[in-house]
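To start, the structure itself, in structure tokens.
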Amino acid sequence: MKKLRISVVQYLNTAPLVHGFVYGPLKGKYELSFTLPSKCADDLRDGLADVAIIPAIEYQRIENLVMLPDLAIAAKRRVRSLLIVSRKPIQEVASIALDRSSRSTQALTRILCAEHWHIAPKFSEETLSTPSMLEHSDAALLIGDPALRLAISIANYATLGAAGELMCNADKAGINANGPLHIYDVVQEWRRLSGLPAVLAVWAARRDSITAEVAADFAASKAYGVAHLEEIAEAAADELGLPADELLTYLRENIDYSLSGENLAGLELYYCLAAKLGLIPNANAIEWASLRRDIRTDKLRAAQG
């Protein structure tokens, strides 16, 4: 039988979800490809993947998808890997450069501007490099491992600003700008607006791709990853050149991998506000994967038995 094709984000925060597929007992069972969040969504839309970890907003933009239950990349209060870095207080910002690799956080930034900060900046979509991220805009959205690297690097220098943001001189942050920077954690700001966690990415699939066995494998891969967070952090420390203890704290305390209770409530509110602002056509109800049995596999096993 042809292997199921899975498109995976290549950031650290996704590693626990797929650790069982890459290193555990499920290694080799599925065909994995690693790329950017936006490309994962495109692969699923274009039929190049059967299952993908996609930006949460893309679930509402791609037709005929189902969501796998209780699997997500979420954050309860502060995430450190989604940052808005600004030359000035956010209420004074007139332009924001959005990292083109994550459409979900782009949408979240637009929601925060409209509903939380009540500003209407000009947005541009760019491929950002940390040193030059503020060359053309008042502020910029930085995501993923580069944002986490920035958050870790300024931890010993940053102070709290008037609105609860971090303040740090641009030279300490390695950014080509003058004077102090205002650094806003996107999830922390969403929490202040909504009182709920932020769901950043979800496992989504074509309706006919998910069986009970496949869903169980995804849950098992996550469980295997969560049980091996220290190992994941140590490997990432070598790759990223960052302290293993900081990465372990990030994986344990900043990221949550469930999709129930208040995480689900946060996702549903996010969809409602995105629809209100015209970022998606409608806030459609989530369709969960139907955990049907794979009759073909059952017959094959019966014949072999």
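The values are calculated or read from the model by the stated rules, or taken from the named source; none is laboratory data. These numbers come from a predicted model, not from an experiment. Cβ placement follows ideal geometry from the backbone for every residue including glycine, while neighbour counts extend to all protein chains displayed. Side chains are part of the model used for accessible areas, which takes the heavy atoms of the whole protein and leaves out ligands, DNA and RNA. Shrake-Rupley method; radii C 1.70, N 1.55, O 1.52, S 1.80 Å.
Result for the chain in a Gaussian network model with C-alpha springs under 10 Å: among Trp203, Trp288, Trp190, the largest mean-square fluctuation is at Trp288.
Computed from backbone phi, the HN-Hα couplings of region 159-168 come to 10, 7, x, 4, 9, x, 7, 8, 10, 7 Hz, rounded to whole numbers (Karplus: 6.51 cos²θ - 1.76 cosθ + 1.60, θ = phi - 60°; Gly and Pro given as x). Would you mind checking region 146-179 for residues with the amide N under 17 Å from a putative spin-label position 7 Å along Cα→C-beta of Thr249? 147-160, 166-167, by backbone N distance to the label point.
For the chain, adding -39500 (n - 2.57) for each run of n ≥ 4 DSSP H residues and dividing by the number of residues yields -10000 deg cm²/dmol at 222 nm. Figure legend: label point modelled 7 angstrom from the Cα of Trp288 along Cα→Cβ; residues of region 253-272 with amide N under 19 Å from it are 257-271.
Nearest 10 degrees, 0 to 90: what angle lies between the long axis of helix 144-153 and the longest principal axis of the chain (Cα atoms)? The angle comes out at about 40 degrees.
For Kirkwood radius over Cα pairs in Å, computed directly from the structure shown, the correct entry in (i) 20.0; (ii) 22.2; (iii) 20.7 is (i). A simple spin-label model places the labels of Ala223 and Lys27 2.0 nm from each other, with each point 7 Å out along Cα-to-Cβ.
Between helix 212-226 and the chain there is an angle of about 40 degrees, using the helix long axis and the longest principal axis of the Cα atoms.
Glu231 to Ser132: FRET efficiency via 1/(1 + (r/R0)^6), r the Cβ-Cβ distance, R0 30 Å, to the nearest 0.05? The pair Glu231/Ser132 has a calculated efficiency of 0.30.
The relative contact order of region 128-174, computed from alpha carbon pairs under 8 Å that lie at least 6 residues apart in sequence, is 31 percent.
Of the solvent-accessible surface of region 7-89, computed with a 1.4 Å probe over protein heavy atoms with every protein chain present, carbon and sulfur atoms account for 49 percent. Ligands, DNA and RNA are left out, and with a 1.4 angstrom probe the accessible area of the chain is 44 Å² per residue.
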